[in-house]
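Structure below; questions to follow.
The values are calculated or read from the model by the stated rules, or taken from the named source; none is laboratory data. Nothing here was measured: the structure is a model prediction, and the numbers come from that model. Here the Cβ positions follow ideal geometry from the backbone for every residue, glycine too, while neighbour counts run over all protein chains shown. Heavy atoms of the whole protein, side chains included, go into the accessibility calculation; ligands, DNA and RNA do not. Shrake-Rupley method; radii C 1.70, N 1.55, O 1.52, S 1.80 Å.
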There are 6 protein chains.
Amino acid sequence: MSSASLSKATREKLRGVSTATICTALFKRGFRNQMIQGAVPLDPDKPTMVGTAFTLRYIPAREDLNPIRVFQDRGHPQRKAVEECPPGAVFVVDSRKDPRAASAGSILVTRLMKRGCAGIVTDGGFRDAAEIAKLDIPSYHQRASAPTNLTLHQAIDINVPIGCGDAPVFPGDIIVGDADGCVVIPAHLADEIADEAIEMTAFEDFVTEQVHAGRSILGLYPATEEKTKTDFAAWRKAKGR
Amino acid sequence: MSSASLSKATREKLRGVSTATICTALFKRGFRNQMIQGAVPLDPDKPTMVGTAFTLRYIPAREDLNPIRVFQDRGHPQRKAVEECPPGAVFVVDSRKDPRAASAGSILVTRLMKRGCAGIVTDGGFRDAAEIAKLDIPSYHQRASAPTNLTLHQAIDINVPIGCGDAPVFPGDIIVGDADGCVVIPAHLADEIADEAIEMTAFEDFVTEQVHAGRSILGLYPATEEKTKTDFAAWRKAKGR
Amino acid sequence: MSSASLSKATREKLRGVSTATICTALFKRGFRNQMIQGAVPLDPDKPTMVGTAFTLRYIPAREDLNPIRVFQDRGHPQRKAVEECPPGAVFVVDSRKDPRAASAGSILVTRLMKRGCAGIVTDGGFRDAAEIAKLDIPSYHQRASAPTNLTLHQAIDINVPIGCGDAPVFPGDIIVGDADGCVVIPAHLADEIADEAIEMTAFEDFVTEQVHAGRSILGLYPATEEKTKTDFAAWRKAKGR
Amino acid sequence: MSSASLSKATREKLRGVSTATICTALFKRGFRNQMIQGAVPLDPDKPTMVGTAFTLRYIPAREDLNPIRVFQDRGHPQRKAVEECPPGAVFVVDSRKDPRAASAGSILVTRLMKRGCAGIVTDGGFRDAAEIAKLDIPSYHQRASAPTNLTLHQAIDINVPIGCGDAPVFPGDIIVGDADGCVVIPAHLADEIADEAIEMTAFEDFVTEQVHAGRSILGLYPATEEKTKTDFAAWRKAKGR
Amino acid sequence: MSSASLSKATREKLRGVSTATICTALFKRGFRNQMIQGAVPLDPDKPTMVGTAFTLRYIPAREDLNPIRVFQDRGHPQRKAVEECPPGAVFVVDSRKDPRAASAGSILVTRLMKRGCAGIVTDGGFRDAAEIAKLDIPSYHQRASAPTNLTLHQAIDINVPIGCGDAPVFPGDIIVGDADGCVVIPAHLADEIADEAIEMTAFEDFVTEQVHAGRSILGLYPATEEKTKTDFAAWRKAKGR
Amino acid sequence: MSSASLSKATREKLRGVSTATICTALFKRGFRNQMIQGAVPLDPDKPTMVGTAFTLRYIPAREDLNPIRVFQDRGHPQRKAVEECPPGAVFVVDSRKDPRAASAGSILVTRLMKRGCAGIVTDGGFRDAAEIAKLDIPSYHQRASAPTNLTLHQAIDINVPIGCGDAPVFPGDIIVGDADGCVVIPAHLADEIADEAIEMTAFEDFVTEQVHAGRSILGLYPATEEKTKTDFAAWRKAKGR
C-alpha cells in the first residue's frame, strides 16, 4: 500500500485525535496489541505524527558482515531505505527492542525530514538524540544510544511486515504518534477509525469540560444517563462540532 | 484509616521534606521496602504530594469480562473508586507493574483533581499523559500508555491492601511524592517520621550550604565533629529553624 | 593513571565531539562494548562531560554491616572516595545496575562539584535527583531513587576496575558523556580517538549541512563519490576547519 | 463456586487432554490470556492436574508486620488458607511473579496433599523443592526459592480473584496442569471445553499416528481434505473413540 | 545454501565436538555473538545436533489475521515451511524471544523428524514439550508453552535471515546443538571450524585425563609448558587420535 | 578467613540441614538477602554442599585485553584462582548475573574437584554443563553457556568481597547449597546458625511426620499448642534426636 492510499481527509482527522482514543476504537474491534510498546517521543511537544508505515528490519549483526566499510555500498539496506521511504510515510524500524546500539542517527533522520517523511519510530534507540529531538520531524525510540547500528544490528529487509515494540506492523499500515506513544492502525480500517475517533474526541472534550465544571463521572462517562446525551447534543450545536 | 487521620500539621511538615529524607528515617526503623519502585512524576516540577492512600487493585483482564460496555455499569470498580476517593487522599493503583495498557486517563484524573484528591500513583502507565502532566494534581507512573485499561487490566477491589511498585500499600498509609518518586509511610508512624524528617532537613540544608561554601563532608556529614554540631546550632538560631 | 594523564588538548577536543562519533571510532578498532548502557543525563542540556575515571564499587548490602551509623566512620569508602576523587576526574559508580536504592545524593554530588570533579556516573540511581540536575556538574544515572544507598549497596572498593552499565571501566580511562549517554575510552587510545573524532565531526557537520540543503545521502555519507571529497575539502577551507 | 461444581465427568475428561489442546479451544472462543505464564512442574512426570481454583494473594511484605512470630497466629492467612482449601481444589498463589522468597514449603504442601487437594501453583517459587517434587500432589512454580515467604511476601487475602503468571484466576475457575504448564478455564466453560478437547485429542492422536506413518501434514492437519475426514471416521470406529 | 553444501565429513566431525569448543574457535576469528542465547535442549541426553539452518520468521500476531481457520490454508507459512525444510536441515524459528505462545507442537515436530530433518530450534517455546522431548529428533526452546502460536505469533517468512536468541542466523549456516545450547557457524567457515574443533577436542580430552590424574592446570591448559606438548604428542600416538 | 575456620562439627551439622531452614534462621536475625538468587544446581541430586567462600570477580571484557592468548599467562586470575582455592572451599564467581558467556568449563571444575574444593557457584553459566553435572563436585549456575568467558567476562580480582546473585559474599563466609539453591552464612554466625538449624530440622521432621499422619498444621506448625511441644519432646526421645 503506497502512502497515497491514506486520504488527505483521514490524515487530517487523525492529526486531531489522540492515540488513547484510537486504541479504544481498535479495542472495540478486537485489536488489543496495536500499540508500539516502549517507544517514547524524543520531543513530546511535537504535533501528532500521522503517516503510512515504511519498514526496515534488522537482525543481530554478525561481525564479519558488519565492518564500518559496509556503508560504502550504496545498496546498503539502511541507507537505501532512507532514500526510498516515500513522502508522507513513517519510517518504522524493527530493532528487536534492543537499544544497546543505535537504530539511526541525526544525519539519516535529517534526510528523512528533507524527503518529506512524516516521522520515524524504532523500538531501539537513536544516536545524536538531542539533535534529532530538535529536528522538524517527530521521532520515537526507547532511549538514546550512541553506538553505531553495526555494533549490534544488521539492516536486512526493506518494507516487509515487522514486529516493532511487540506490535505487528505491515507496510502501509497507518502510524499515529503523540506524547503517549505510537499506535498502528491496520490500513483497511484507517477511515472508519478516524471517523469514530473524531466523534469520541468531541465527546471526551465535552466530558472534560463538564468534569472541570465539577460534574461526577457517573452517568457522564460513559454516557449512561439521558441527560448526558442531551447536554452533549446541545454542546455540539453550541461549539459547531 | 480515613484521610482525616492525617493531621493538618503532619501533612504540612511532610510537604516540606524530601522522599529521600523520609526513606532514611524509615530505614533507621528497619523499613527497607517502602519506595514505590519505578513510578516517576509526569511533571517533576509539581510541589510535593502528600495524602492518605486510597487503593484500586487490578488483575489481568479476561476477555469475556472486559468488553468496552462494562464502563456503562455505574458500579464498575474503576469509576466507582474515582468517585469514592476522599478529598486529601492519594489514589494508588496496583497495575502489577504492567504499563502495556493504561491504568487511567485524563478524564478520571481530572475528576480526582476536582474532588480534591491529593494525587494519583500507578506502577503501570497513564494514557493522555501529556494532558495529565498539565493538570493541577501530582501524578506518578512508569511510562505513558495509550491502550484502555480493559486491554490488560480488570479493576477488582477498592481500598484493600495492595502491592504497588514492589512496596506494600495499606489503605490509610501516608504517600509522599516528589521528583525522586513516591514513598509509603506506615500510618502509625506518620507523625514521628514527619518530625524527624523536619529535623533532618534542617541539618541537610545547613550541610548543603557548608559544602557550597567549600567545606569537606568528613566530620560534617554525618556530624561526627563537635564543631559541626556547634555550627549547626548557631545556624539554626540565625535562620530561626 | 592519574587525571593528569589526560592532556588539556585532548580534553578540549573530546568536549567538541559526540559520544556517537567516539563509539564509531572505537568500533573501527574492535571495541563494541564501551558504552555505559542505560545511564541517562539528569540534565540533557549540560555541556559534554570529559574526565578520567575514578571508580567506586558497591556490593549488595548485608544488613548487619550497614546500619545508618556506618557513615560516622570517616573512612567509609563512599565518603572517602568523594574526598579523594581528583579534580578533573569523573566519579564512576558500579551499582550493579540496581536503581532501587540511591548511589549518592545531592550533598555528595555538590561536594564533588566543589572539588572540581568533571562529573558523576552510576548505573543505579541518585536521590535528590531534581536538585542534582540543577548543579553545575554533569550527572548520569538510570533513574531517580530516594532510598539511602545502605538499603541495598555497600561501598567496598575505591578506584579498582569495575563494570558500569555492562561496560568495563578501568581507573584512568576517559569518560565522555553527552545527551546520548557515556562512553569509556581506554586510556591509551584517548589521543588518537580524539583526533579521529574531530575529523569525523567536521565531515558529519559538512554532511548535515548538505542534507539540510537537500542532497541525498547516497555517495555522500559515507563519501563514496569523488565529488563528496572535493566538496568537503572546499567546505573545510571555507570554514577554516 | 465450590469445587463441587466441577462435575466428576468433566474432571475425568480434562485429565485426558493436554493444556495445549485446551488453550486452542479457549483461543477459538476469544481467550488469549489463560495460561499461567512461567510456572513449570516440579515433577514433569506427574499425571495431569485438574481442580477448581482456591486462591491466596500476597502483597509485598512490610518488615514490621512480618516477623517470624506472625505464624503463631492461627488465623495467619497462609496457614488458614491451607486448612480451608477444599478437597479437589487447586491452591493458586499470586506471588506477583517474584521467586526471590518462597510461596510455601514442603510441610504446607504435604498438608494440602493430605487434605485431598488436587495441586498447588505459584508464579513465585517453593522452598524444599526437591521434597515437594516427590510428594504425591502436582506442583508448579517458577523456580526453587529457599527464603521464607515473610522475607518478601505477606499473605493478605483468601479466595479472591487474583493474577497468577499474568493470567486472571477467579475462585472456582478450573485449573488444568501438565508438563507444558497450567491453564485457567473460566468456570462456566468447563463442560464445553472438556467436550471439545476430548474430540480434538482424538483427532490429534489420529494425526500423530498418520504422521508417524509418513503422511504429510498438508490436507491432514487441519483436515482440509475430504480423505482426512473419511480416514479419521474409520480410525475412530476402529479405535472405539 | 542448500543443506547439500555441508559435507558429510564436516557433519561427522561436528558431531564429535562440543558447542563450547566451537564457540572458542569462532571467538578466535572475532565472532562473539553466534550462540543462540537462552535455548535449552528438551532432552539434554540426545546426541549432538548438526545441520544447515532452514528458517521461519514470526511477527507479533494481529488478531484479524490470525483466527484459527488460517491453518486451513495449505500455504500457511508455518505448515508450508515444515513440508519444505530439507532432510539434514535444522528448522530455526525466530519467535522474538517470546515464549508466551508456542512456536510449534508435537505434530509438526514429528513431521520434521519423519522428513529427515536434523533438529528444531526456537527462541520461544514448544507446546506438547514432554512428547517432543521423547521424539527421535533434537529440539531446543526457552520453555514449554501451551498456547497455539496464533495467540502471539504470525508466521510471515520462510528461509530468510533471522535473529534467534540474539544470534544472527542466515539460511545455510551450520547449527550445532548439545547440552550447552546451539551455536551458529557461518556457512563459509564450517570446514575450518570443524577441523580446528577436532584438534581442540583431542587436546581437551588429554587435558581432562591429566587433570583427573591430579595435574595442575598451570602450564597444562593452555599448553605453555614444553612438557605438555610432548605429553600430548605421546598421548595422541597412544590413542590413535 | 581461611577455610580452616569452619569447624568440622559445624560443617557436618550444615550438611544435615536445608537452605530453607538456614534462611529462616538468618531471617530471625534480620538477614533477608543472603540467598544467591537464580543459581540452580546442575545436578539436583548431589548431597548438600558446604564450604567457605573463595571468590573470583569478573568485570565486562574489553576486547583488546581479552584475546584467546591471555590464558597463556600463568598468572591469569581465573586460572590462578582455581589453583589457589583451598580444599574445603566453595569457589564463588561474580559474573554480574550475565550467563551469555561461560564463567568456567569442565576442565577447571574438574581441577577444583581434584584439589578437594567443596563446590562452585556462579550467577552466570557454565560451559560443558552436562559434563560438569556428572562430576563429583556440586555446582550451581543460572544456565548453561558455551561461549568462552573471554567473550564477555574478564577475571579481575581474587578473593575480594563480591555480589553473587544479588547476595553479598565475603571471603570466608559459609556457603551452603542444596536443591533450592545456595545461601551465604556470615562467617561469624556459622556455629550458631548450624546449631539452631539442627534443632529446627528435628522439629520440621517431626511436623512432617505428623502432617503425613493427617494432623492439621494449626497449632502444630508453629508449635502454638502445648500438646505439640509435649508430642515433640516424646518424639525426640523416641528417635534419639
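If only one of F:Asp173, F:Asp180 is among the acidic types (Asp, Glu), under 16 Å from the mean Cα position of the chain (by Cα), under 20 Å from F:Leu26 (Cα atoms) and more than 10 Å from chain D (Cβ to nearest Cβ), which one is it? First the steps, then the outcome.
Details: F:Asp180 fails: more than 10 Å from chain D (Cβ to nearest Cβ).
Only one candidate passes the filter, namely F:Asp173.
Within the set of pairs 6 or more residues apart or between chains, which connect a residue that is at positive phi inside segment A:71-100 to a residue that is of a type outside the set (Lys, Arg) with Cβ atoms less than 6 Å apart?
Here the result reads A:Gly88/A:Ser3; A:Gly88/A:Gly51; A:Gly88/A:Ala118; A:Arg96/E:Gly163; A:Lys97/A:Asp123, each pair linking segment A:71-100 to a residue that is of a type outside the set (Lys, Arg).
Being of a type in the set (A, V, I, L, M), away from chain F (no Cβ under 12 Å) and under 19 Å from the mean Cα position of the chain (by Cα) narrows it down to one of D:Ala129, D:Ala118, so name that one.
Working: D:Ala129 fails: away from chain F (no Cβ under 12 Å).
The match here is D:Ala118.
Provide a single number: the residues in segment E:201-220 that are within 11 Å of another protein chain (Cβ to nearest Cβ), of a type outside the set (D, E, K, R) and out of contact with any Asp or Glu (no Cβ under 8 Å at 6 or more places or on another chain). Give the steps one after another, and end with the answer.
Here is the first cut: in segment E:201-220, the residues within 11 Å of another protein chain (Cβ to nearest Cβ) are E:203-220.
The next check asks that each one be of a type outside the set (D, E, K, R); those that pass are E:203, E:206-208, E:210-214, E:216-220.
If we keep only those that are out of contact with any Asp or Glu (no Cβ under 8 Å at 6 or more places or on another chain) as well, we get E:203, E:207-208, E:211-214, E:220.
Residues that pass the stated criteria total 8.
Still on this structure, I have one more. Hey, can you tell me all the residues within segment A:140-170 that are of a type in the set (Gly, Ala, Ser) and either more than 30 Å from C:Arg29 (Cα to Cα) or in a loop (DSSP other than H, G, I, E, B) (or both)? Talk me through it step by step, then tell me what you get.
Of all residues in segment A:140-170, those of a type in the set (Gly, Ala, Ser) come to A:144-146, A:155, A:163, A:165, A:167.
A:Ala144, A:Ser145, A:Ala146, A:Gly163, A:Gly165, A:Ala167 - these are the residues of segment A:140-170 that are of a type in the set (Gly, Ala, Ser) and either more than 30 Å from C:Arg29 (Cα to Cα) or in a loop (DSSP other than H, G, I, E, B) (or both).
Does A:Ile198 satisfy the criteria of being within 17 Å of the chain's Cα centre (by Cα), under 23 Å from A:Ser5 (Cα atoms) and more than 10 Å from chain B (Cβ to nearest Cβ)? Full working, then the answer.
Numbers: within 17 Å of the chain's Cα centre (by Cα): no; under 23 Å from A:Ser5 (Cα atoms): yes; more than 10 Å from chain B (Cβ to nearest Cβ): yes.
The answer is no for A:Ile198.
Test B:Ile137 against the criterion of being part of a loop (DSSP other than H, G, I, E, B), at pLDDT below 95 and of a type in the set (Val, Ile, Thr), and give yes or no.
On the way: part of a loop (DSSP other than H, G, I, E, B): yes; at pLDDT below 95: no; of a type in the set (Val, Ile, Thr): yes.
Taking the combined requirement at face value, the residue does not satisfy it.
Can you tell me which residue within segment A:14-23, out of those that are within 13 Å of A:Ile175 (Cα to Cα) and open to solvent by 20 Å² or more (accessible area, probe 1.4 Å), is nearest to the other protein chains (Cβ to nearest Cβ)?
A:Ser18
Hey, B:Phe91 hits all of (1) at pLDDT 95 or above; (2) within 12 Å of chain A (Cβ to nearest Cβ); (3) in contact with a helix residue (DSSP H, G or I) (Cβ under 8 Å, 6 or more places away or on another chain) but one; which does it fall short on?
(2)
Could you list, in sequence order, all residues of segment D:132-149 that are more than 19 Å from D:Gln37 (Cα to Cα) and either more than 10 Å from chain F (Cβ to nearest Cβ) or buried (at least 24 other Cβ atoms within 10 Å of the Cβ) (or both)?
So in segment D:132-149, the residues more than 19 Å from D:Gln37 (Cα to Cα) come out as D:132-137, D:146-149.
The answer is D:Ile132, D:Lys134, D:Asp136, D:Ile137, D:Ala146, D:Pro147, D:Thr148, D:Asn149.
For E:Pro41, indicate whether it is more than 10 Å from every other protein chain (Cβ to nearest Cβ), open to solvent by 10 Å² or more (accessible area, probe 1.4 Å), at negative phi and not hydroxyl-bearing (Ser, Thr, Tyr). Let's see the steps before the verdict.
Numbers: more than 10 Å from every other protein chain (Cβ to nearest Cβ): no; open to solvent by 10 Å² or more (accessible area, probe 1.4 Å): yes; at negative phi: yes; not hydroxyl-bearing (Ser, Thr, Tyr): yes.
No: the conditions fail for E:Pro41.
Step by step: first the residues of segment D:202-219, then only those that are open to solvent by less than 30 Å² (accessible area, probe 1.4 Å) and at pLDDT 95 or above, then the one that is farthest from the chain's Cα centre (by Cα). Which residue is that? It would help to see each step written out before you state the result.
To start, the set of residues in segment D:202-219 that are open to solvent by less than 30 Å² (accessible area, probe 1.4 Å) comprises D:202, D:206-208, D:211, D:217, D:219.
Keeping just the survivors that are at pLDDT 95 or above gives D:202, D:206-208, D:211.
Working: D:Ala202: 22, D:Phe206: 26, D:Val207: 26, D:Thr208: 25, D:Val211: 30 Å.
For segment D:202-219, the residue satisfying everything is D:Val211.
Results for (1) in contact with a helix residue (DSSP H, G or I) (Cβ under 6 Å, 6 or more places away or on another chain); (2) open to solvent by 10 Å² or more (accessible area, probe 1.4 Å); (3) facing another protein chain (nearest Cβ under 9 Å), shown as yes or no for each residue.
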| site | (1), (2), (3) |
| --- | --- |
| C:Ala25 | yes, no, no |
| C:Ile36 | no, no, no |
| C:Thr48 | yes, yes, no |
| C:Thr55 | no, no, no |
| C:Ile59 | no, no, yes |
| C:Leu65 | no, yes, yes |
| C:Arg74 | no, yes, yes |
| C:Glu83 | no, yes, yes |
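State all residues of segment E:197-241 that are outside any loop (DSSP other than H, G, I, E, B), free of Cβ contacts under 8 Å to residues at least 24 places away in the same chain and hydroxyl-bearing (Ser, Thr, Tyr); if no residue qualifies, say none.
E:Thr208, E:Thr228, E:Thr230 - these are the residues of segment E:197-241 that are outside any loop (DSSP other than H, G, I, E, B), free of Cβ contacts under 8 Å to residues at least 24 places away in the same chain and hydroxyl-bearing (Ser, Thr, Tyr).
Which of (1) at pLDDT below 95; (2) under 15 Å from E:Val184 (Cβ atoms); (3) among the hydrophobic types (A, V, I, L, M, F, W, C) is the odd one out, the single condition E:Ala20 does not satisfy?
Looking at each condition in turn, E:Ala20 falls short on (1).
Does B:Arg96 satisfy the condition of being touching a Pro at 6+ places or on another chain (Cβ under 8 Å), more than 22 Å from A:Glu209 (Cα to Cα) and open to solvent by 20 Å² or more (accessible area, probe 1.4 Å)? Can you show your working first?
Values: touching a Pro at 6+ places or on another chain (Cβ under 8 Å): yes; more than 22 Å from A:Glu209 (Cα to Cα): yes; open to solvent by 20 Å² or more (accessible area, probe 1.4 Å): yes.
Spelling it out, B:Arg96 is indeed touching a Pro at 6+ places or on another chain (Cβ under 8 Å), more than 22 Å from A:Glu209 (Cα to Cα) and open to solvent by 20 Å² or more (accessible area, probe 1.4 Å).
Confirm whether C:Ile120 is in contact (Cβ under 8 Å) with a residue 12 or more places away in the chain and surrounded by fewer than 18 Cβ atoms within 10 Å (Cβ to Cβ). Can you show your working first?
Numbers: in contact (Cβ under 8 Å) with a residue 12 or more places away in the chain: yes; surrounded by fewer than 18 Cβ atoms within 10 Å (Cβ to Cβ): no.
Taking the combined requirement at face value, the residue does not satisfy it.
Okay, next question. Residue check, F:Ala61 against (1) in contact with a Leu (Cβ under 6 Å, 6 or more places away or on another chain); (2) over 24 Å from C:Asn33 (Cα atoms), all met but one. Which one?
(2)
Testing D:Ile162 on (1) modelled with pLDDT under 95; (2) crowded, with 19+ Cβ neighbours inside 10 Å; (3) not aromatic (Phe, Trp, Tyr), one condition comes back false. Which one is that?
Exception for D:Ile162: condition (1).
Restricting the search to segment D:165-185, which residues are open to solvent by less than 10 Å² (accessible area, probe 1.4 Å) and either of a type in the set (Asp, Glu) or touching a Lys or Arg at 6+ places or on another chain (Cβ under 7 Å) (or both)? Full working, then the answer.
Step one: list which residues in segment D:165-185 are open to solvent by less than 10 Å² (accessible area, probe 1.4 Å), which gives D:165, D:167-169, D:172-177, D:181-185.
Within segment D:165-185, D:Gly165, D:Pro168, D:Asp173 qualify.
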